[in-house]
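Here is the structure we will look at.
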Amino acid sequence: MKYSKEFKALIDSTNEAYIGHGNPNAKILFIGQEGASDPEASKEEDGRNDYLRSIKANHEDWSRNIQEGIGYDNLPECCTPDTLKNYNPLYPYKGQKFQVRSGSDEAGTLKGEKGTARTWYNYQKLINRIFELLSAERKTMTKDDDIDFHCLSFHSDMSAVVSMKHNPKNSDGAESVIKRVSLLSSDFFRNFPIVIAAVGHFPRETYGNSYFGDLFGVEYLGNEETVRYEWMNVSIRNDEAHPMLLIHTPQFSDAISDRHLDQIAKRVVDFAREHKIDLFPEE
């Protein structure tokens, strides 16, 4: 896999442990609030307690990927305790199915054992809608299919302070948001033409209303969604060389209607076609 000079420069220039997950060559960037992990858990073999693997070792893993030219070819599964040793941020927990994992094995309430978190499930639903609009060859996913949004997008978070339950009053999280502004405003992140920031009111609570403008130089256009609880703030950057559409929405860990995802997908595809942007990642 060929990594861009912007991504290599970012990895070389920062000491931040957590960069993100997915395809660095993608054209779509997801931004979340923070990772949902338990920082007190240290058992790397447990796929639900992934703090050390997915956050603390993230920069180290990307450095190795770049040095060894590691790509998607032949990446093994890593979605069970037995295969977690194969974890790679290019395709974290490869083998997870297009279904939501919920409940617990201990309580006898586990559903979707090989499924994924609701946030990632909704990321996948949105990616499906975007690429179904772009290509007739994109097949409809079933619950038995492996999720693949990591191959078609990149994901990072406003804060590197993880939490099993979001707390907007967490001062450490707010400090991390401010600290990570320099990381997320690097050339690598600013070059994504499509940004989906499913972060609710977290930017205003931790930084201020200028957060996205300071990161990406985008201009706020307004709210293009009128359904109750499902708003869609749209900002753009009118730069001929590097145009950007930024869509700011509620968190995807909440219930998101198919209508809302359809509207986001259509807005993304319309922008891509208007600016002649090929959303399929380069090899």
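The values are calculated or read from the model by the stated rules, or taken from the named source; none is laboratory data. Computed from a predicted model, the values in this text were never measured in an experiment. Here the Cβ positions follow ideal geometry from the backbone for every residue, glycine too, while neighbour counts run over all protein chains shown. These area figures cover heavy atoms from the full protein model, side chains too; ligands, DNA and RNA do not enter into them. Shrake-Rupley method; radii C 1.70, N 1.55, O 1.52, S 1.80 Å.
Below are the figures for this structure:
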| read-out | value |
| --- | --- |
| Computed over segment 234-283, Kirkwood Rh from alpha-carbon pairs, angstrom | 12.4 |
| Whole-Hz couplings from phi, Karplus 6.51/-1.76/1.60, listed for segment 213-221; x for Gly and Pro | x, 5, 6, 10, x, 8, 10, 6, 9 |
| Top of Asn122, Asn74, Asn58 by mean-square fluctuation, Gaussian network on the chain, Cα under 10 Å | Asn74 |
| Integer Hz, Karplus 6.51/-1.76/1.60 couplings in order for segment 261-276, x for Gly and Pro | 5, 5, 5, 4, 4, 5, 5, 5, 5, 4, 5, 4, 5, 4, 9, 6 |
| Residue among Thr116, Thr80, Thr140 with the largest mean-square fluctuation in a Gaussian network model of the chain, springs linking Cα atoms under 10 Å | Thr140 |
| Amide H contacts under 5 Å for Ile19, placed H, 5+ residues apart | His59 |
| Residue of Glu60, Glu132, Glu68 that the Gaussian network model of the chain assigns the largest fluctuation, springs spanning Cα pairs under 10 Å | Glu68 |
| Length-normalised contact order for the chain - Cα pairs under 8 Å, 6+ apart - percent | 24 |
| Convex hull volume of segment 208-269 per residue (C-alpha atoms, cubic angstrom) | 100 |
| With every protein chain in place, the chain: carbon and sulfur % of accessible area (1.4 Å) | 46 |
| Low-density loop positions, trypsin sites (Lys or Arg not before Pro), segment 177-283 - DSSP coil, at most 14 other Cβ in 10 Å | Arg228, Lys276 |
| Tail beyond 35 Å, pair distance distribution of the chain (Cα, percent) | 11 |
| Between segment 74-97 and segment 207-226, the alpha-carbon center distance in angstrom | 35 |
| Computed P(r) (all Cα pairs; segment 173-230; 5 Å bins; percent) | 4, 15, 26, 28, 16, 8, 4, 0 |
| Amide proton proximity set for Asp157, modelled H, under 5 Å, gap of 5+ | Gly32 |
